[in-house]
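One structure is given below, encoded as structure tokens.
The values are calculated or read from the model by the stated rules, or taken from the named source; none is laboratory data. Only a predicted model underlies this, so the values are computations on that prediction, with no experimental measurement involved. Note that each Cβ is placed from the backbone with ideal geometry, even for glycine, and that neighbours are counted across all protein chains shown.
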Amino acid sequence: MKRLIRLTVNDKNYEIAVKPNQTLADVIREEIGLTGTKKGCEMGECGTCTVLLDGKPVNSCLVLAVQADGGHVLTIEGLETDQGLHPIQQAFVEKGAIQCGFCTSGMILSAKSLLDQNPEADEQEIRAAISGNLCRCTGYQKIVEAIQSVKDQGSVS
Amino acid sequence: MLLPEFEFHEPTTVSKACEIMGQLGAKARLLAGGTDLVVNMKKKVVRPDHVVSLGRIDILKGIIEENGLLTIGACMTAAELAGAEVIRSNLPALADGARVLGSPLIRNLATVAGNLVSARPAADLPPPLMAYGARAVLTKTSGERSVDLKDFFLGPGKTVMDPDEILTRITIEVPRGRYGDSYIKLGVRQTLEISLVNVAAFIRLDRPDGSITKARIVLGSVGPTPLRAVSAEKALMGQSPSDALFARAGEAAAGDARPIDDFRGSAEYRRDMVGVLTRRALSAALDRARSL
């Protein structure tokens, strides 16, 4: 039986009827239509489905949508504003930190969570923060450099 | 990957949750962080007709310290444990275990109770918890019981819990006196790793340069359940700490281990590493005890 849940996704309010066995990742992609959140392993190993749920990065493939009822979700689509790309997104573009792009949404959201809490994060802390996000192009060096460059500009918002 | 269908329950109190589990028993599974249950349901390893979420029961989140007793709510996440000041300052080995569990994303979901009830031999939280002599409180409609964690695990995936019981909290007597603890995890990667071997150590000294009055060594991933290395503990009691003593304790712990060969490592390697890690864990625990 479907249940009505309330979600705030990227500052927009949604009331959605979901089945208990739908994951948050599925609801974000299929019901709300935001496909920037990817599904890779669907087992909590790869991190491509990373979203910020109430400010914390989680594997949205492991959260039931009904569990997230009342929650605030930030997906990759929520980062860009009228002023343009978020500084972390811009840095990924400029530093060539995107290859196939499949891990990028998750990488950027994990990086945002880190820099929100710890704007002075060092390389070690950056590597630890993205350690739940796998890049199968193995372009980690550029990703770390991109996150570091945002920190150096001090322009995280 | 589709999840099988199930009925979803979301009680807001422990007593309501107990009532539901009392009615449904083995037809239902409890959901806390979901990092184990949801994966197993996707793999169709478990197919419960009912899923009972503990996520809306506020009393299961949080840590209370009262009269020297620390009570950790079942639904505290690994990230919350690793960050809690009361844990970091009193039980640093538990904070260490919580910090290396899964990945940062998993740690924001996975709960302390889930890490116990899933009963994986390589789990990161049972060794440090057992090193403090922690107990699990199991609750059902007819009452509660408190089980020493050393008696809680029966085998891989198996515990003493009845189908209608809920692990609601973990209790730990905050160690007193001059004590030190540590937790070391050995794997081939730093994240998303299942331990090849892990070791937690706890020792108490009568004086800064005195002898050992209490010792607990717990070994993970080298037996069907986390194990107390009883002969290593015996070797330490009443002795004054030294590298030679810790090496002897390491050898004793290697003898206590019951490792198997699997694709992650051989039994022989694991046994050797129990010796090495026990020695290192004891040295780290001694450093903490002396720096108090």
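All but one of (1) free of Cβ contacts under 8 Å to residues at least 40 places away in the same chain; (2) within 22 Å of B:Tyr179 (Cα to Cα); (3) in a helix (DSSP H, G or I); (4) of a type outside the set (Phe, Trp, Tyr) hold for B:Asp272; state the number of the condition that does not hold.
The single condition B:Asp272 does not satisfy is (2).
Could you look through the range A:131-154, keep only residues that are within 14 Å of chain B (Cβ to nearest Cβ) and touching a residue at least 60 places away in the same chain (Cβ under 8 Å), and pick out the one that is surrounded by the most Cβ atoms within 10 Å (Cβ to Cβ)?
Among residues in the range A:131-154 that are within 14 Å of chain B (Cβ to nearest Cβ) and touching a residue at least 60 places away in the same chain (Cβ under 8 Å), the one surrounded by the most Cβ atoms within 10 Å (Cβ to Cβ) is A:Asn133.
Please state which of the following conditions A:Ile5 fails to meet, knowing it meets all the rest: (1) in contact with a helix residue (DSSP H, G or I) (Cβ under 8 Å, 6 or more places away or on another chain); (2) assigned to a loop (DSSP other than H, G, I, E, B).
Only one criterion is unmet by A:Ile5, namely (2).
Could you run through the range A:8-47 and say how many residues are buried (at least 21 other Cβ atoms within 10 Å of the Cβ), in a strand (DSSP E or B) and under 16 Å from the mean Cα position of the chain (by Cα)?
Residues in the range A:8-47 being buried (at least 21 other Cβ atoms within 10 Å of the Cβ), in a strand (DSSP E or B) and under 16 Å from the mean Cα position of the chain (by Cα): 2 in total.
Please work out which residue is farthest from the other protein chains (Cβ to nearest Cβ), limiting yourself to the range B:35-48 and to residues that are within 11 Å of B:Ser118 (Cα to Cα) and touching a Leu at 6+ places or on another chain (Cβ under 6 Å).
Among those that are within 11 Å of B:Ser118 (Cα to Cα) and touching a Leu at 6+ places or on another chain (Cβ under 6 Å), it is B:Leu37.
What residue, of B:Ala32, B:Ala98, is surrounded by 24 or more Cβ atoms within 10 Å (Cβ to Cβ), within 12 Å of another protein chain (Cβ to nearest Cβ) and modelled with pLDDT of 95 or more?
B:Ala32
Taking the range B:1-29 only, how many residues are among the β-branched types (Val, Ile, Thr), within 14 Å of chain A (Cβ to nearest Cβ) and touching a strand residue (DSSP E or B) at 6+ places or on another chain (Cβ under 6 Å)? Before you say what the answer is, go through the steps one by one.
Start the filter on the range B:1-29 by keeping residues that are among the β-branched types (Val, Ile, Thr), which leaves B:12-14, B:20.
Applying the additional criterion that residues be within 14 Å of chain A (Cβ to nearest Cβ) yields B:12.
From what's left, touching a strand residue (DSSP E or B) at 6+ places or on another chain (Cβ under 6 Å): none.
Qualifying residue count for the region: 0.
Could you please find all residues in the range A:118-130 being within 11 Å of chain B (Cβ to nearest Cβ) and either part of a loop (DSSP other than H, G, I, E, B) or modelled with pLDDT under 95 (or both)?
Listed by number, the list holds a single entry, A:Ile130.
Just for the range A:75-97: of the residues that are outside any helix (DSSP H, G or I) and without any contact (Cβ under 8 Å) to a residue 24 or more places away in the chain, which one is surrounded by the fewest Cβ atoms within 10 Å (Cβ to Cβ)?
Taking the range A:75-97 and keeping what is outside any helix (DSSP H, G or I), we get A:75, A:79-86, A:95-97.
Right, trim to without any contact (Cβ under 8 Å) to a residue 24 or more places away in the chain and you get A:80-85.
Values: A:Glu80: 13, A:Thr81: 9, A:Asp82: 4, A:Gln83: 7, A:Gly84: 9, A:Leu85: 15.
Looking at the filtered set, the residue picked out is A:Asp82.
In the set A:Cys61, A:Cys103, which member is under 17 Å from A:Thr23 (Cβ atoms), modelled with pLDDT of 95 or more and buried (at least 23 other Cβ atoms within 10 Å of the Cβ)?
Values: A:Cys103 fails: under 17 Å from A:Thr23 (Cβ atoms).
That would be A:Cys61, the only listed residue that is under 17 Å from A:Thr23 (Cβ atoms), modelled with pLDDT of 95 or more and buried (at least 23 other Cβ atoms within 10 Å of the Cβ).
Taking B:Leu105 and the conditions (1) modelled with pLDDT under 95; (2) within 27 Å of A:Gly55 (Cα to Cα), which numbered condition does it fall short on, given that it satisfies the others?
The failed condition is (1).
Scan B:Asn90, B:Asn40 and give me the residue that is farther than 30 Å from B:Arg264 by Cβ and either out of contact with any helix residue (DSSP H, G or I) (no Cβ under 6 Å at 6 or more places or on another chain) or acidic (Asp, Glu) (or both).
After ruling out the rest, the residue left standing is B:Asn90.
Could you run through the range B:1-29 and say how many residues are among the aliphatic types (A, V, I, L, M) and exposed (fewer than 15 other Cβ atoms within 10 Å of the Cβ)? Explain how you work it out, then say what you get.
Initial filter on the range B:1-29 (among the aliphatic types (A, V, I, L, M)): B:1-3, B:14, B:17, B:20-21, B:24, B:26, B:28.
Going one step further and asking which of them are exposed (fewer than 15 other Cβ atoms within 10 Å of the Cβ), we end up with B:1-2, B:26.
Matching residues across the range B:1-29 total 3.
Looking only at the range B:163-177, count how many residues are over 16 Å from B:Leu125 (Cα atoms) and surrounded by fewer than 18 Cβ atoms within 10 Å (Cβ to Cβ).
5
Tally up the residues in the range A:62-91 that are within 14 Å of chain B (Cβ to nearest Cβ), under 17 Å from A:Met107 (Cα atoms) and not β-branched (Val, Ile, Thr), please.
1
Considering each residue of the range B:186-210, count those that are surrounded by 14 or more Cβ atoms within 10 Å (Cβ to Cβ) and away from every other protein chain (no Cβ under 14 Å), and give that number.
First, the residues of the range B:186-210 that are surrounded by 14 or more Cβ atoms within 10 Å (Cβ to Cβ): B:186-187, B:191-206.
Next cut, away from every other protein chain (no Cβ under 14 Å) only: B:186, B:195-206.
Total meeting the criteria: 13.
Are there any pairs with C-beta distances below 7 angstrom linking a residue in the range B:43-66 that is assigned to a strand (DSSP E or B) to a residue that is among the acidic types (Asp, Glu), with the two at least 6 apart or on different chains, and if so which?
Every condition considered, the pairs that remain are B:His50/B:Glu7; B:Ser53/B:Glu10.
Kindly check whether there is at least one residue in the range B:151-171 that is hydrophobic (A, V, I, L, M, F, W, C), more than 30 Å from B:Arg207 (Cα to Cα) and within 14 Å of another protein chain (Cβ to nearest Cβ).
The answer is no; no qualifying residue exists.
Considering only the range A:26-50, state which residues are under 22 Å from A:Cys137 (Cβ atoms) and at the interface with another protein chain (Cβ under 10 Å from one of its Cβ atoms).
A:Lys39, A:Cys41, A:Glu42, A:Met43, A:Gly44, A:Glu45, A:Cys46, A:Gly47, A:Cys49, A:Thr50
The rows are residues; the columns are (1) surrounded by fewer than 21 Cβ atoms within 10 Å (Cβ to Cβ); (2) free of Cβ contacts under 8 Å to residues at least 12 places away in the same chain; (3) hydroxyl-bearing (Ser, Thr, Tyr); (4) in a helix (DSSP H, G or I).
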{"site": "B:Thr71", "(1), (2), (3), (4)": "yes, no, yes, no"}
{"site": "B:Ala82", "(1), (2), (3), (4)": "yes, no, no, yes"}
{"site": "B:Ile87", "(1), (2), (3), (4)": "no, no, no, yes"}
{"site": "B:Leu94", "(1), (2), (3), (4)": "no, no, no, yes"}
{"site": "B:Asn115", "(1), (2), (3), (4)": "no, no, no, yes"}
{"site": "B:Met130", "(1), (2), (3), (4)": "no, no, no, yes"}
{"site": "B:Leu138", "(1), (2), (3), (4)": "no, no, no, no"}
{"site": "B:Met161", "(1), (2), (3), (4)": "yes, no, no, no"}
